[in-house]
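Undergrad: I am attaching a structure below and will ask some questions about it afterwards.
The values are calculated or read from the model by the stated rules, or taken from the named source; none is laboratory data. Just so it is clear, the structure is predicted and the values come from calculations on it, not from any experiment. Don't worry about glycine lacking a Cβ; one is built from the backbone with ideal geometry, like all the others, and counts go over all protein chains shown.
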Amino acid sequence: MGDTMLEIRNLSAGYATAKGFVRAVDDVSFSLGRGEFLGVAGESGCGKSTLAYAIMRLLRDNARIESGSALFKGRDLAAMTAAEVNAHRWTDMAMVFQSAMNALNPVLSVGEQLTDAVHAHRSVSRAEAEALAAEMLALVDIHADRLKSYPHQLSGGMRQRVMIAMALILKPELLIMDEPTTALDVVVQRSIIEKIEELRRRLGFSVIFITHDLSLLVEISDSLGIMYAGRMVEYGPAAELFNDPRHPYTEGLMNSFPSLTGPLRRMDGIEGRTPDLLSPPPGCRFAPRCRYARPTCSAGDPPRLEPLGGGRLSACPYPRRGEAYGCAPAAPAAPEGGSL
Ligand SMILES: Nc1ncnc2c1ncn2[C@@H]1O[C@H](COP(=O)(O)OP(=O)(O)OP(=O)(O)O)[C@@H](O)[C@H]1O
Ligand SMILES: [Mg+2]
């Protein structure tokens with residue numbers, strides 16, 4: 001995918017709590033090319049938002065980057081001073097937050113909020129900022145009339161589009177979207193994702209799209225990263241990863257959500273719960289829930305992401321379905337009419 005936009009190397013980050021340090025991102029590495037669309041999926045609490053906040057240098061007071069680096073076009077974000085971060089954030093890379101559509105200021109019009117975002121970073125005239133605001137609204141299919149509207153006058157889907165317009169208004173090269181569609185119904189979710197994809201093609205920015213719903217990402221992502229308990233456990237080209245998962249967690253995650261377009265199949269989900277990150281289990285953190293686990297899986301350090309060829313990586317030491325990691329055969333797909 002052309003040149004590298006973002007290179008995450010052995011990044012660890014987490015939270016100081018009264019009970020100890022919660023390492024929510026643990027030794028994560030990946031790279032993102034210019035214009036590439038990376039989907040990051042994993043269950044609640046696996047560290048997706050922490051990863052996004054660490055890249056944006058927006059970690060809360062009790063949070064810190066412990067080690068590793070995050071290179072944005074070769075510059076280490078983790079080592080930037082506060083002033084450098086301020087100059088870079090929102091202009092070079094922007095983020096749409098989890099439940100962002102509720103983050104619009106209720107007492108300011110959409111137009112005021114969009115132009116404020118411009119004025120905060122660029123010295124342009126009011127007319128120029130307003131023109132830019134109208135242009136961005138048009139990009140997300142909202143008529144310029146709506147510049148005068150207040151957030152409560154817009155539907156949830158429209159508010160989310162406004163947030164996307166706001167994130168893109170300074171023409172960033174990287175857009176991080178943290179579950180931007182979770183609160184919306186499935187049809188609106190689809191249309192927003194298609195919009196982001198269209199804008200990416202037109203404007204050429206890179207995307208990191210975070211969700212717990214893997215099925216949303218498959219068609220649209222170039223690459224997928226699957227996180228479990230702070231670790232990246234599988235990474236690779238989206239279609240291949242989806243069609244032939246090489247980590248039992250990926251396989252389980254795929255069986256947890258109905259496909260919007262594929263055939264009906266049984267939704268098995270994954271039994272058990274994600275571990276407490278204050279004291280994660282030894283060895284592979286997924287082993288206690290893995291139906292293929294062997295005794296050796298639960299010993300030593302967590303297995304590292306290892307290349308399998310073809311741009312694919314898996315942290316499962318037995319990454320071939322039906323072969324080594326198949327201590328038990330994968331459950332057969334349910335016949336047509338299986339529950340959704
Ligand atoms: N401010 C905080 N203080 C302490 N621990 C935190 C804080 N925020 C998050 N955590 C912990 O860090 C871990 C990762 O949280 P994070 O929000 O990054 O997960 P997530 O994958 O984004 O989950 P979700 O899908 O629910 O948004 C969790 O175990 C969570 O409890
Ligand atoms: Mg989150």
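Undergrad: In the stretch 123-161, what residues are polar (S, T, N, Q) and farther than 29 Å from V186 by Cβ?
TA: Within the stretch 123-161, S123, S125 meet the criteria.
Undergrad: So which of K19, K48 ends up being under 19 Å from T211 (Cβ atoms), basic (K, R) and within 14 Å of ligand 1 (Cβ to nearest atom)? Spell out how you get there, then give the answer.
TA: Details: K19 fails: under 19 Å from T211 (Cβ atoms).
Just one listed residue meets the conditions, K48.
Undergrad: Just to be sure, is F97 closer than 20 Å to A167 by Cβ, of a type in the set (F, W, Y) and at pLDDT 95 or above?
TA: Values: closer than 20 Å to A167 by Cβ: yes; of a type in the set (F, W, Y): yes; at pLDDT 95 or above: no.
Against the criterion (closer than 20 Å to A167 by Cβ, of a type in the set (F, W, Y) and at pLDDT 95 or above), F97 does not qualify.
Undergrad: Under 6 Å between Cβ atoms, which residue pairs at least 6 apart in sequence (or on different chains) link something in the stretch 2-14 that is under 17 Å from V40 (Cβ atoms) with a partner that is outside any strand (DSSP E or B) and polar (S, T, N, Q)?
TA: Going by the 6 Å Cβ cut-off, the qualifying pairs are A13/T50.
Undergrad: When you go through R9, R23, R60 one by one, which is the residue that is surrounded by 18 or more Cβ atoms within 10 Å (Cβ to Cβ) and either part of a strand (DSSP E or B) or within 16 Å of ligand 2 (Cβ to nearest atom) (or both)? Outline the logic, then answer.
TA: Numbers: R9 fails: surrounded by 18 or more Cβ atoms within 10 Å (Cβ to Cβ); R60 fails: surrounded by 18 or more Cβ atoms within 10 Å (Cβ to Cβ).
It is R23.
Undergrad: Considering only the stretch 78-96, state which residues are surrounded by fewer than 17 Cβ atoms within 10 Å (Cβ to Cβ) and not polar (S, T, N, Q).
TA: Within the stretch 78-96, A79, A82, A83, E84, V85, A87 meet the criteria.
Undergrad: Failed condition for S31, given (1) under 16 Å from the mean Cα position of the chain (by Cα); (2) crowded, with 17+ Cβ neighbours inside 10 Å, with all others met?
TA: (2)
Undergrad: For the stretch 94-109, state whether one or more residues are outside any helix (DSSP H, G or I), more than 16 Å from ligand 2 (Cβ to nearest atom) and within 23 Å of the chain's Cα centre (by Cα).
TA: Taking the stretch 94-109 first, the residues outside any helix (DSSP H, G or I) are 94-99, 103-109.
Imposing the further condition that a residue be more than 16 Å from ligand 2 (Cβ to nearest atom) reduces the set to 94, 104-109.
Filter once more, keeping what is within 23 Å of the chain's Cα centre (by Cα): 94, 104.
Yes, the stretch 94-109 contains a residue that is outside any helix (DSSP H, G or I), more than 16 Å from ligand 2 (Cβ to nearest atom) and within 23 Å of the chain's Cα centre (by Cα).
Undergrad: Checking the conditions here, which among R75, R64, R60, R89 is over 17 Å from the mean Cα position of the chain (by Cα) and within 9 Å of ligand 1 (Cβ to nearest atom)?
TA: On the way: R75 fails: within 9 Å of ligand 1 (Cβ to nearest atom); R64 fails: within 9 Å of ligand 1 (Cβ to nearest atom); R89 fails: within 9 Å of ligand 1 (Cβ to nearest atom).
Among R75, R64, R60, R89, only R60 is over 17 Å from the mean Cα position of the chain (by Cα) and within 9 Å of ligand 1 (Cβ to nearest atom).
Undergrad: What residue, of D61, D27, D3, is of a type in the set (D, E), touching a Gly at 6+ places or on another chain (Cβ under 8 Å) and either farther than 25 Å from D276 by Cα or at pLDDT below 95 (or both)?
TA: Going through D61, D27, D3 in turn, the sole match is D3.
Undergrad: Determine the pairs where a residue that is over 28 Å from L278 (Cβ atoms) and part of a loop (DSSP other than H, G, I, E, B), located within the stretch 33-47, has a partner that is aromatic (F, W, Y) and more than 9 Å from ligand 1 (Cβ to nearest atom) with Cβ atoms under 9 Å apart, the partner being 6 or more residues away or on another chain.
TA: Short answer, once both residue conditions are applied: R34/F205; G35/F205.
Undergrad: A further question on this structure: Can you spot a residue in the stretch 168-181 that is modelled with pLDDT under 90, within 16 Å of ligand 2 (Cβ to nearest atom) and crowded, with 23+ Cβ neighbours inside 10 Å?
TA: yes
Undergrad: Further, regarding this structure: What about T50, is it assigned to a loop (DSSP other than H, G, I, E, B) and either under 27 Å from L154 (Cβ atoms) or at pLDDT 95 or above (or both)?
TA: Taking the combined requirement at face value, the residue does not satisfy it.
Undergrad: Among the residues of the stretch 182-210, what is the count of those that are at pLDDT below 90 and not hydrophobic (A, V, I, L, M, F, W, C)?
TA: Selection size over the stretch 182-210: 7.
Listed here are the residues, each with its yes/no results for (1) surrounded by 12 or more Cβ atoms within 10 Å (Cβ to Cβ); (2) at pLDDT 65 or above.
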residue: P248; (1), (2): yes, yes
residue: P263; (1), (2): no, no
residue: P275; (1), (2): yes, yes
residue: G310; (1), (2): no, yes
